[in-house]
Amino acid sequence: MKNNKSKIRIKGALRTYLNVSVYLGIFLAVINLLVYLVDYRAGLIVSCYVLGYFAITMYLYLRNKSVVLNELVSFATEYGQIQRQLLREFELPYALLDDGGRIIWTNKMFEQTLHTEKGYSKPISTIFPDVNVHKLLAQEDEASVAISLETGEYTAKIKKISLKEMAENSDIISPEGYDGYLIAFYLFDETALRIALQENDNQSLAVGMIYLDNYEEALESIEEVRRSLLIALIDRKVNKYIAAVDGICKKLEKDKYLVILRKQAVTQLQSTRFELMDDVKTVNIGNEMAVTVSIGIGLGGLTYSQNYEFARTSVDLALGRGGDQAVVKTPDKISYYGGKSQQVEKSTRVKARVKAHALQEIITAKDSVIIMGHRLADVDSFGAAVGLYRIAKSLDRKAHIVLDQATTSVKPLVDLFVNNEDYEADMIVNSTQALELPTSNAVLVVVDVNKPSITECPELLKLCKSIVVLDHHRQGSETIENATLSYVEAYASSTCEMVSEILQYINDGVKVRSDEADCMYSGIMIDTNNFMSKTGVRTFEAAAYLRRCGADVTRVRKLFRDDAVEYKTKADAVSQAEIYKTDYAISVCKSEDLESPTIVGAQAANELLNIKGIKASFILTEYQGKIYVSARSIDEVNVQVIMERLGGGGHMTIAGCQFEGITVSEGIAKIKGCLDEMLEEGEL
């Protein structure tokens, strides 16, 4: 032990302190030499003193050095033990991990919090499966992650502790190329903070708007003396519903309410899926038509005014999707509830007349008109585009229809105009040609679609300053913004029906040619499945107008006859259909030898609805690297909400979506999973 201590070399301030007496002795010896120069006898006396000083100093130095080293070693040992004890008793849960993520040491609080034993040496992932220390520390030396435990909510802090310096001072580890480290892992209890933040968030303001969808129509369906009673009963239900969640409800107009709620109350209403929508329908005092409501709620905004704007947007979205539903909008998400009722057709054409006059003013003020539908245009899209083309020509404006690919269903109609002397050669252009057309004084009319990403040429939306939207599909989260004129009516059977009405109010009626009338009549016929679904009084009025313009039913029927291959493929898809959960038909349409298999798939989906007991049908068609899903129903199931969950959209009875990067069997599994989930939630 003595040999080991004698080898210890002291440095720094302690060495200076221990050697200061030696330095003073040397200085005293120099003084002694100077004294010899002055007086020999005095020098002898000082020399005796110097010798005695050196003897005593060296004795004390050698003796005290051993004592000091013993004390230092003892202090270091005790200090290390105290440090270890302090860490062991530390109130913060703390653990040390090796560079592989395995626990090598824990303190008592860590063991108590996580119910582990002392000496637990398994990977930290066995306790926290979601914590991957290598992934968290891949970019930075420190990281944090939120963790939920039975005892509360915690934030885990993870930090690298480099061992490179230890390796440099080690006699057994070579520091060259060594980059080892330990990982410090400690937990901060944030349960109280998160409870406080959650409570504060729950108390934040949410703004809501409640609209009665068919207020006027419902009142007209009952006797005048009972109308005030119907209004009173609806008011009572709305106010009672909001008061039950400690909210404030104020009637703004005869059919509009402003609602103020806490965010916690909105969560409560969401959990019951806004049962007010079903409750209001039960009000019946002899009215033939049930009253439906649309609810829009905005929350999570930075200001109260922003929440109000969210609420306005939400209720507009609910009305645009057909009403009888609730929409909750936050800064990063839109949630939909309800939407199981078919929108009531408006008997008045006032809106159509107003929109027609507005459209006329816009086109008259422009030099040219570009008309565009959706990708893989169908008959309704092309028919509506032809109707708009006729409007533009009647107003003496240059017009073009953007069409990249004519599917088998549209090709017979396109052939009516291609190489036809009565029409200009550039009437129909592709996307590449269309991108060269926009000028500062051009208007873009988008028909049969309100989703920018699936238009025939999305780039045109950025190039044209003036945009008009005409569509009959229920609006989704993605819409064409900043449109100069937007005419979206979910109750309309087709866009061709809407355009047919507009034609009657442009210049007191536009003279439509027979080929153009055939196109629009075809659009109505296809979208209503030969007038069997989603038809109203105005649908037949539009068809009658087109018949007067020269549309020929027999000629249209001949245009849409199937060839033998298509008919056999459709029959095969119907025969191979799987009946899922007794109510849903799912099948696959083969795309071999078909020019437009998606059209055949849609027709097969319609055919499956003829099977007794089927509420909805789904046909999957693999085409051009994607899987196209056609969904159809009659009235019992809203296929639009099903397709929206899968990334698509459409109508209550006609909808669709697209899958990429998966197989047909995986697509079927996704549809089944979605149906299971919605059945469990009570959405179907």
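What follows draws every value from the coordinates through simple rules; no lab data is involved. From a predicted model like this one, the values you see are computed outputs, not experimental measurements. So basically every Cβ, Gly included, is an ideal-geometry build from the backbone, and we count neighbours across all protein chains shown.
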On C-alpha positions alone, give me the angle between the axis of helix 537-548 and the longest principal axis of the chain, in degrees, nearest 10.
60
Does anyone have the angle between helix 664-681 and the longest principal axis of the chain? Alpha-carbon axes, 0 to 90°, nearest 10?
90
Tilt of helix 597-608 relative to the longest C-alpha principal axis of the chain, in degrees (0 to 90, nearest 10)?
70
Excluding residues fewer than 8 places away in the same chain, name every one of the aspartates and glutamates whose C-alpha is closer than 20 Å to that of residue 160.
98, 99, 130, 140, 141, 142, 168, 176, 179
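Exceeding 21 Å between C-alpha atoms, which entries from my cross-link table qualify? They are 462/511; 157/263; 626/670; 534/670; 465/626. Each step should come with its number before you reach the end.
Values: 462/511 33 Å; 157/263 31 Å; 626/670 15 Å; 534/670 28 Å; 465/626 33 Å.
Beyond 21 Å: 462/511; 157/263; 534/670; 465/626.
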Take the Cα atoms of the stretch 564-681, build their convex hull, and give its volume per residue in Å³.
92
Likely footprinting exposure, 44, 233, 269, fewest C-beta neighbours within 10 Å first:
44, 233, 269
Tell me, what HN-Hα J-couplings in whole Hz come from the Karplus equation 6.51 cos²θ - 1.76 cosθ + 1.60 at θ = phi - 60° for each residue of the stretch 183-196, using x for Gly and Pro?
10, 8, 10, 9, 10, 10, 6, 10, 4, 5, 5, 5, 4, 5
Of the candidate values [x] 32.2; [y] 34.6; [z] 27.4, the one computed for Kirkwood radius over Cα pairs in Å from this structure is [x]
Compute the length gained on full extension between residue 541 and residue 660: take 0.36 nm times their separation in residues and subtract their Cα-Cα distance, giving the result in nm to one decimal.
38.7 nm
So for 144, 486, fewest C-beta neighbours within 10 Å to most, what's the order?
144, 486
Remind me, relative contact order of the chain in percent, using alpha carbon pairs under 8 angstrom and six or more residues apart?
7
Quick one: check the C-alpha center-to-center distance for the stretch 468-521 versus the stretch 602-651, whole angstrom.
24
What is the extension gain from residue 251 to residue 41, computed as 0.36 nm multiplied by their sequence separation minus the C-alpha to C-alpha distance, in nm to one decimal?
63.6 nm
Under 16 Å from the Cα of residue 568, which aspartates and glutamates turn up, not counting those fewer than eight places away in the same chain?
592, 593, 595, 607
So in the chain, what percent of DSSP beta bridges are antiparallel if you round to the nearest 5?
70
Under Karplus coefficients 6.51, -1.76 and 1.60, residue-wise ³J(HN,Hα) of the stretch 499-513 in Hz, glycine/proline x:
5, 4, 5, 4, 4, 6, 10, 8, 6, 6, x, 9, 7, 9, 6
Taking placed amide H atoms and a strict 5 Å upper bound, the residues 5 or more places from residue 466 or on another chain that come that close are 444
